[in-house]
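One structure below.
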Amino acid sequence: MSARKNIIKHKIPIISLLNFKQFVDKMKRKGCDFINRKIRTKEIFGVIVGLFAIVILFLICFIYRRNNVDFNSTDVAMGSLVTQSIECEAPSKVCAETMDLIKELEHKISWRIEDSEITKINCAKENEPIKVSEDTLKLLDISFEISKLSENAFNPAILPLSKLWTFTQKEQKIPIQDKIAKVLPHINCSSFKIDRKNNSIMKKDAKAMLDLGSVGKGAACDVAVENYRKNKVKSGIISVGGTIGTFGKKNEKWEIAIRNPFESEKTSIFAIVNIISGYVSTSGSYEKNFTYKNTLYHHVLSSETGYPIETEWVSVTVHQDNGTIADILSTVCFILGPQKSKFLLNKFNAQAIFVNKNRQVIASSNLKSNLKITDSNFSLINMI
């Protein structure tokens, strides 16, 4: 209900003012003491009207405040839990609209959805052009660019391999070596050619397939923050799986908790990073994994070996001004480690926090004053 409707509902009782005037006139005639002090009727009316004006102003402020409080929303998209907390005039409407936009994006880029644009590309024949939306084209552009810069450490063409593995709680599957060997030659971004003039993409290898799982959560946060901006949200924060997007200013800085990768409880944290704005994305071996014959298998796969990346790092958190880039870089940095990641972090003006198996932390030097380790079992050993 608008402030105007609420004010109309609480109309000023004008009749009571008239009764008060009659009362004053009557008291004048009786010569009461307070009338004898020469308090004029107009002055009394002025005081009363002023008081009513204050009451109305209070009501307006109360109504505005009631419509501008934090509103929390929870849903599911991109295979992950989506939570929103925003402050604006119509929070439930904005949150619902944001979820619609995220699911619309998911319907374009998820290989799991039968009629998505990515599925159409994956099912296409050699040299068959597939028309795609501008949203999908932009995500493919940045994905292929970072893949090239990282020397294929990040590989959006990894679907032929990732489909062989299963990391769910209900089912875990390790593919046989022969199957892995057969798909490795088809995991190549150079198999895809983008035609920007016609907004289409074709592939030279019919068996090549795309998986934007390491892109979607960040892209969803980008969509959400842009919608917050359009709706003039005062402040908002969205979490899609391991990626967080912020908008506006809740306080001086946003405090982002970083999950403890050694604890199964998602509420367990080891550090807090303070940011003014932007996106924070975390990747690691702790989320989707299983142990078989004393060997840990996690979902971050190598396009060279076909098996999970062997690394001393258990989690990497990246802060950047774009959700899609933050999401991709968190995966790339997890694969490459601190030293090999420095080039990409500098190129995209990003910061990172690395955690190894010994609970030792290495972080970007420009995060030094904004990173607070809250768990004494972890120690900051170096800055890059």
Could you tell me the calculated FRET efficiency between residue 294 and residue 149, based on Cβ-Cβ distance and R0 = 35 angstrom, to the nearest 0.05? 0.45
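Length gain on complete extension for the stretch residue 184 to residue 199, per 0.36 nm per residue less the alpha carbon to alpha carbon distance? Let's see the in-between values first.
Working: separation 15, 0.36 × 15 = 5.40 nm, distance 2.82 nm.
2.6 nm is the gain from fully extending residue 184 to residue 199.
Between residue 276 and residue 114, what is the FRET efficiency for a Förster distance of 51 Å, r being their Cβ-Cβ separation, to the nearest 0.05? Please list the in-between numbers first.
Numbers: r = 42 Å, r/R0 = 0.81.
Working from the Cβ atoms, E equals 0.75.
Quick one: order 228, 297 by neighbouring beta-carbon count within 10 Å, fewest to most. Walk me through the numbers on the way to the answer.
Details: 228 26, 297 18.
Listing 228, 297 from fewest to most nearby Cβ atoms yields 297, 228.
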Inter-label distance, nm, simple model (7 Å from Cα along the C-beta direction), residue 92/residue 226: 2.8
Given points 7 Å out from each Cα along the Cα-Cβ axis, report the residue 107 to residue 234 separation in nanometres with one decimal. 3.4
Fewest-first sequence of 252, 106 by Cβ atoms within 10 Å of each Cβ: 252, 106
If you wrap a convex hull around the alpha carbons of segment 111-203, what volume per residue comes out, as a whole number of Å³? 120
Return the FRET efficiency for the residue pair residue 375, residue 127: r is the Cβ-Cβ distance, R0 is 51 Å, and the value is rounded to the nearest 0.05. 0.40
Taking other Cβ within 10 Å of each residue's Cβ, how do 243, 166 sort, fewest first? 166, 243
Tell me, in nm to one decimal, what length is gained between residue 307 and residue 170 on full extension, where the rule is 0.36 nm per residue of separation less the Cα-Cα distance? 47.3 nm
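None of the figures in this text is laboratory data; all of them are computed from the coordinates on show. Quick caveat: nothing in here was measured; it's all calculated off a predicted structure. Here Cβ is always computed from backbone atoms with ideal geometry, including for glycine, and neighbour counts include all displayed protein chains.
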